[in-house]
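The values are calculated or read from the model by the stated rules, or taken from the named source; none is laboratory data. Quick caveat, the model's predicted, so the values are computed rather than measured. Cβ sites come from the backbone with ideal geometry, for glycine too, and all protein chains shown count toward neighbours. We work out accessible area using only protein heavy atoms, side chains counted, and drop any ligands, DNA or RNA first. Shrake-Rupley method; radii C 1.70, N 1.55, O 1.52, S 1.80 Å.
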Amino acid sequence: MPVNGTWPAHTAERVEEALTAAAKDLSSLDAHVEHYRVPDGGYAAWTGQRGSEAFSLEARLGPAHRNPGHSMWGILQVFDHRQPNLALVRFLERRDSDGLPDTSPGRPHYSVPIDNRLCRMFLPLCNRALNGLDPSKRARSQHVDCFPGRITLGNAFQSPLLAVGLFRRFRADGQNAIILTDFNDPFAVPPVRLVASLVARSDTHLIPRTRQPSTARLLLRAQHGTIQQLGGMSTATDHGIGTARRYLR
């Protein structure tokens, strides 16, 4: 049995295989798979274990909007061996030279080309990537998407149209719900809520950012191979993970 976040070998192998296959499908986005292990922190707040082990699919979505020397990355991390079909998705602007994330207020920015790749390539693949790992054999999975930052003015018209596509397809792709957390952008929230009410009607959870920070940490590879633990999520994401677990029961 696993101790302090260590995964059973067979489960870990299957997760790596699933993410490697997904990375091949996203080869145009320089996608790759990372394996992280830390003795303390990370996802301990969500797993109840001291240490954390996570498997990560990371894809470059393009140059960051008006942030020279940075790129937008989509990151899907699988962090709990008991539910290998559960994942966290985050979007970050990372410095090209060393991979460090830009944690400036208001970042990241979702421009037209970034949002196109995010909604038409990355998220649909996230929907399907873990279905084969469903312990119940129902071919279902669930990811929780932490969406800080804001859309650009030029993306205000396209963003709800892209949302229509996502809200129409999520069930067919194997998701039980759409769960967006830390979702506070005043230009994006109203049209996305309207789309949800018209297209999906149920099983949509748009959870606004709270004032209380989450103690869970995303794991990232920093320069020279060291592992960085990145906070920045609120307890809205804790709530989203709890909601996802209930769907996967």
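Structure summary
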{"item": "Whole-percent carbon and sulfur share, accessible surface of the chain, 1.4 Å", "result": "54"}
{"item": "Value of relative contact order over the chain, rounded to a whole percent, pairs C-alpha under 8 Å and six or more apart", "result": "16"}
{"item": "Beta bridge orientation in the range 71-212: antiparallel %, DSSP, nearest 5", "result": "35"}
{"item": "Added length on full extension, which subtracts the Cα-Cα distance from 0.36 nm per residue, ALA45 to ASN67", "result": "4.7 nm"}
{"item": "Most fluctuating residue given options GLY225, GLY165, GLY51, as computed from a GNM of the chain linking Cα atoms under 10 Å", "result": "GLY225"}
{"item": "Nonlocal amide H pairs with ALA31, under 5 Å, H built at 1.01 Å", "result": "ARG60"}
{"item": "Kirkwood Rh, Cα atoms: Rg over Rh of the chain", "result": "0.93"}
{"item": "Pairwise FRET efficiency - ARG245 versus SER28, Cβ, R0 = 41 Å, nearest 0.05", "result": "0.80"}
{"item": "Full-stretch length increase - LEU100, ARG171 - with 0.36 nm per residue and alpha-carbon distance subtracted", "result": "22.1 nm"}
